[in-house]
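Read the figures in this text as sums done on the coordinates, not as results from a lab. Quick caveat: nothing in here was measured; it's all calculated off a predicted structure. Reconstructed Cβ throughout: ideal geometry from the backbone, glycine too, with neighbour counts over all protein chains shown.
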Amino acid sequence: MIKVENLTKRFGRHTAVANATFEVGKGEVVGFLGPNGAGKTTTIRMLTGFLPPSSGAASVDGFDVFRKSIDARRRIGYLPESVPLYRDMRVREYLKFRGQIKGLQGERLRMRMEEVVERCGLQGVRRKMIKTLSKGFRQRVGLADALIHDPPLLVLDEPTNGLDPNQIRSIRNLIKQLGENHTILLSTHILSEVEMICDKIIIIDGGRIMASDTPSNLVNQMRAAGKITVELKADPEKVRAALSQLAHIKKVTNEKSSEGWEHFSVLVQSGTDARERISSLCQENRWPLRSLYRHDSTLEDVFVELTRKD
Amino acid sequence: MRNFFTIFCKELRGFFLSPFGWVVLTLVTIMQGWSMSGAMKALQDAPIPESLVYIVFHMPQFWFYFLVIFPLITMRLFSEEERVGTLETLLTAPVQTWQLVFGKYFATLGFYVILWIPAFIQFQLFSILTDVPAPFSSGSLFGAFLLIFLMGSLFIAIGCLASSLTSSQIIAGVVTTGLLFIHYFLGYLTVIYSDRFAAAPVIRYIASNEHLRYFSKGLIDSRAIVYYLTAAAFFLFLTHHVINRRRWRS
């Protein structure tokens, strides 16, 4: 559905997006992750034809976003980050205008309007001025606008930004429903959102694509820095020396001690599990062992590992 | 073409759905009425060889309010869309830039034409209310209104350009006012220095005050028609490119 090849955007000396290459298949719900200022919005603006790329190419449904811009735009429903709306228009009027401008008319326009109003839960505010609506409802109006011409691809730029938890939930559920028969590119920096909704994740940082895979694959790869917590009663120096000699151990740190119990955190190499060996070590030395726990890495670890600056 | 029409309708309705359009309409109607009554008083006081139309459009207040109309009706056009961010939703919908520019331009021109309906009615009322044959020929009335339309088509195009250059309505309005005043005062150079400088023919060619003198006597000069229409097309062309360039630069 989306095909991006070596897409680059430079603003003067600053490179906002550098050689981005990725693909989004038909029907996929893809999370586009990155810290603030990573180049998410710039990439999306190039995809939607608002900014032309400095070099490289992108196409939507086979239409180049620059050369066949109008054809590509017909296939995209786009919700920009700031959800720009005409404040002085009524919801119905706005959706009608947007529908007309996207090529709908007559009976079809009326049907689509009814459908998106129902889908986005706007029945109660149809006749209200947009400026009187709350942020949550504005977001829904923006989403209704993106949906009105029934596009196969939805591009949503931080759709849950600035909403309260209930609103976030309802927007998320809506996106989940839409994901059943649309391709969705969802930009966000909220990780739980992505874990809940997306089939695939693209992580971008500093304008570069850092990873592009399914959430579970990404987490599995990141087991690299698996961490084990051990709590036992013994002389800390001895324990440290003994633990360090086990295989696949990267680093042992004594974090704290309380009431005679020593807390150690042990970093192990990727794809290994040292718990069994640690427990037998304790048995051999007759060290009382209170807890032995392995931290599963989460998407958050993956994200931090790929995008942190230090 | 349908997109052009959709945008045209939305913009034209926008003038009447906010108090703004009505305020401008009221203001202009009052000024037109003031000019009219002033001109009638002048005719009453002393014999004047010129027609009523000529006097109305040569009242001292005419240029004063006439030139203020344009920044008022054009300053929002593109700068407001840019500021609110709706330019992004417009230009990511399947709309071509020229459809947007033409839609907005012609809607504003349409509103401008509506602004002159009260003045037209005032001229018609004269003979109806006074029972005296109107002291002007239909040719002079037609000529004056034709020039009003031509000047409007150029000045609105200038306003469109100013509005597309900035996201601040105020700056757009000030730039438009500045450009229009410069254009107007250039026309007076030949009055001040007569024809003794090299650029005098050019100045005469673009002098709106001189055009108004001919046209409100019923003398329709095709050079002025060509000038206003081509200059308007040129400024619209620039506006189109400024908006497209915005997509290049962000």
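Pulled fully out, how much extra length does the chain show between B:Ile117 and B:Tyr65, if you take 0.36 nm times their separation in residues and subtract their Cα-Cα distance? Write out the running numbers ahead of the final one.
Values: separation 52, 0.36 × 52 = 18.72 nm, distance 1.59 nm.
Full extension from B:Ile117 to B:Tyr65 adds 17.1 nm.
Taking Cα atoms, how many degrees apart are the long axis of helix A:106-119 and the longest axis of chain A, rounded to 10 and kept between 0 and 90? With both axes taken from Cα atoms, the answer is about 30 degrees. Measuring between their Cα centroids, segment A:4-24 and segment A:237-254 lie 44 Å from each other. Cross-linked pairs A:Lys40/A:Lys131; A:Lys102/B:Lys10; A:Lys227/A:Lys256: Cα-Cα separations exceed 23 Å for A:Lys40/A:Lys131.
Classify segment A:42-172 as rounded, prolate or oblate from the Cα gyration tensor: take a ≥ b ≥ c as the square roots of its eigenvalues, call it rounded if a/c is under 1.5, otherwise prolate when a/b beats b/c and oblate if not.
Working: a/c = 2.13, a/b = 1.41, b/c = 1.51.
In terms of gyration-tensor shape, oblate.
Inter-label distance, B:Gln96 to B:Val132: 5.5 nm, where each label sits 7 Å from its Cα along the C-beta direction. Remark on A:Gly77: its backbone amide H falls under 5 Å from those of A:Leu153, A:Leu154, A:Val155, a criterion applied only to residues 5 or more positions apart or on other chains, H modelled at 1.01 Å from N. Would you work out which of A:Met196, B:Thr74, B:Phe215 lies farthest towards the positive end of the dipole of the protein assembly as shown? Charges go on Cβ: Lys and Arg +1, Asp and Glu -1. The Cα lying farthest towards the positive end belongs to B:Phe215. Given a Förster distance of 30 Å, report the FRET efficiency between B:Tyr205 and B:Phe142 from their Cβ-Cβ distance, rounded to the nearest 0.05. Working from the Cβ atoms, E equals 0.85.
Each residue of segment A:141-155 is assigned a 3J(HN,Hα), and the resulting list reads 4, x, 5, 4, 4, 5, 8, 4, 8, 6, x, x, 10, 10, 10 Hz, derived from the Karplus form 6.51 cos²θ - 1.76 cosθ + 1.60 (θ = phi - 60°), x at Gly and Pro.
About its Cα centre, how strong a charge dipole does chain B have in debye, to the nearest 20, once Lys and Arg get +1 and Asp and Glu get -1 at the Cβ? The partial results should precede the final answer.
Numbers: 16 positive and 11 negative charges, 136 e Å.
Dipole about the Cα centre, nearest 20: 660 debye.
Computed extension gain for A:Arg108 through A:Lys251, at 0.36 nm per residue and net of the alpha carbon distance, reaches 45.0 nm. Look at the stretch B:95-106: the mean tally of other chain Cβ atoms within 10 Å of its residues' Cβ atoms is 1. Against the main long axis of the alpha-carbon atoms of chain B, helix B:2-17 sits at an angle near 60°.
Specify the inter-centroid distance of segment B:71-96 and segment B:105-146, based on alpha-carbon positions, in whole Å. A separation of 33 Å, based on Cα centres.
Other residues whose C-beta falls under 12 angstrom from the C-beta of A:Gly34 contribute a net charge of -1, scoring Lys and Arg +1 and Asp and Glu -1.
What is the calculated FRET efficiency for A:Ser55 to B:Trp34, with r their C-beta to C-beta distance and R₀ = 60 Å, to the nearest 0.05? Display every interim value, and only then the final one.
Working: r = 60 Å, r/R0 = 1.01.
Efficiency at R0 = 60 Å is approximately 0.50.
Only helical runs count toward this figure. For chain A, summing -39,500 (n - 2.57) over DSSP H runs of n ≥ 4 and dividing by all residues gives -10500 deg cm²/dmol at 222 nm.
For chain A, the longest principal axis of the alpha carbon atoms and the long axis of helix A:165-179 meet at an angle near 70°. Dipole of segment A:222-307 computed with +1 at Lys/Arg Cβ and -1 at Asp/Glu Cβ about the Cα centre; of A:Ala247, A:Thr272, A:His295, farthest Cα towards the positive end is A:Ala247. For the protein assembly as shown, the dipole from Cβ point charges (+1 on Lys and Arg, -1 on Asp and Glu) about the Cα centre works out to 280 debye, to the nearest 20.
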